[in-house]
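Notes follow once the structure below has been shown.
The values are calculated or read from the model by the stated rules, or taken from the named source; none is laboratory data. Nothing here was measured: the structure is a model prediction, and the numbers come from that model. All Cβ positions, even for glycine, are placed from backbone atoms using ideal geometry, and neighbour counts span all protein chains on display.
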């Protein structure tokens with residue numbers, strides 16, 4: 001999909017995800033990307049623009065709801081410490097996966113569903129069960145990928161997944177925790193994951209931040225229209241967000 005002349009790819013339409021809440025509701029989206037793709041910067045801008053103009057608020061989840069599973073996976077600076085460690089064994093990985101699954105199940109009904117009904121845009125800064133399919137070492141996951149895929153099938157999942165993607169050289173210039181080879185492999189994994197998602201979008205994160213944010217805004221508002229918002233209302237929000 002081309003948004004204001006920029007490069008944004010929408011995956012081919014597949015079987016729609018399960019709808020857990022009928023009728024008009026605000027979107028729930030997830031931002032994914034290799035470290036250095038600019039997720040934090042985009043979220044900071046969204047909080048100042050999109051939430052103030054189009055929705056009654058913005059609610060951000062970082063990696064997971066943390067109602068059941070609270071163990072940190074990154075330092076305060078955002079550097080991932082697990083890449084230098086071996087994956088957990090299959091049993092411990094299965095327990096960790098079960099805890100994350102329960103965390104997201106409770107998180108949806110306790111934190112997400114009510115806010116969507118109130119007109120609040122919900123954005124997940126990463127989604128641990130999607131991350132585990134593309135970047136299992138981030139969570140030291142050593143179990144079968146099929147276990148994660150099965151767990152996802154029995155959860156309410158985001159309406160759309162947005163991947164902030166950029167060439168390896170650009171990502172490496174922003175963060176150097178991983179080698180160029182590792183970064184390239186993770187880009188490949190995330191692209192495969194997101195293009196297979198029913199509503200998966202790839203946004204060019206090598207653009208200036210203002211353009212990346214504009215692309216994300218338009219995707220969110222168009223998604224809102226698909227979920228049942230009045231088209232006149234959407235047009236009004238789009239015109240406000242451009243100002």
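Name the residue, out of 155, 137, that is within 22 Å of residue 35 (Cα to Cα) and surrounded by fewer than 23 Cβ atoms within 10 Å (Cβ to Cβ).
Of the residues listed, the single one that is within 22 Å of residue 35 (Cα to Cα) and surrounded by fewer than 23 Cβ atoms within 10 Å (Cβ to Cβ) is 137.
Going by what's in this entry, would residue 111 be described as surrounded by fewer than 21 Cβ atoms within 10 Å (Cβ to Cβ), under 26 Å from residue 99 (Cβ atoms) and in contact (Cβ under 8 Å) with a residue 24 or more places away in the chain?
Spelling it out, residue 111 is indeed surrounded by fewer than 21 Cβ atoms within 10 Å (Cβ to Cβ), under 26 Å from residue 99 (Cβ atoms) and in contact (Cβ under 8 Å) with a residue 24 or more places away in the chain.
Modelled with pLDDT under 95 and over 16 Å from the mean Cα position of the chain (by Cα): does that describe residue 148?
no
Being in contact (Cβ under 8 Å) with a residue 24 or more places away in the chain, part of a loop (DSSP other than H, G, I, E, B) and over 17 Å from the mean Cα position of the chain (by Cα), is that true of even one residue in segment 119-127?
Yes: segment 119-127 contains one or more residues that are in contact (Cβ under 8 Å) with a residue 24 or more places away in the chain, part of a loop (DSSP other than H, G, I, E, B) and over 17 Å from the mean Cα position of the chain (by Cα).
Could you say which residue among 151, 169, 180 is without any contact (Cβ under 8 Å) to a residue 24 or more places away in the chain and in contact with a helix residue (DSSP H, G or I) (Cβ under 6 Å, 6 or more places away or on another chain)?
Of the residues listed, the single one that is without any contact (Cβ under 8 Å) to a residue 24 or more places away in the chain and in contact with a helix residue (DSSP H, G or I) (Cβ under 6 Å, 6 or more places away or on another chain) is 180.
Between 88, 127, which is within 21 Å of residue 188 (Cα to Cα), buried (at least 16 other Cβ atoms within 10 Å of the Cβ) and modelled with pLDDT of 90 or more?
After ruling out the rest, the residue left standing is 127.
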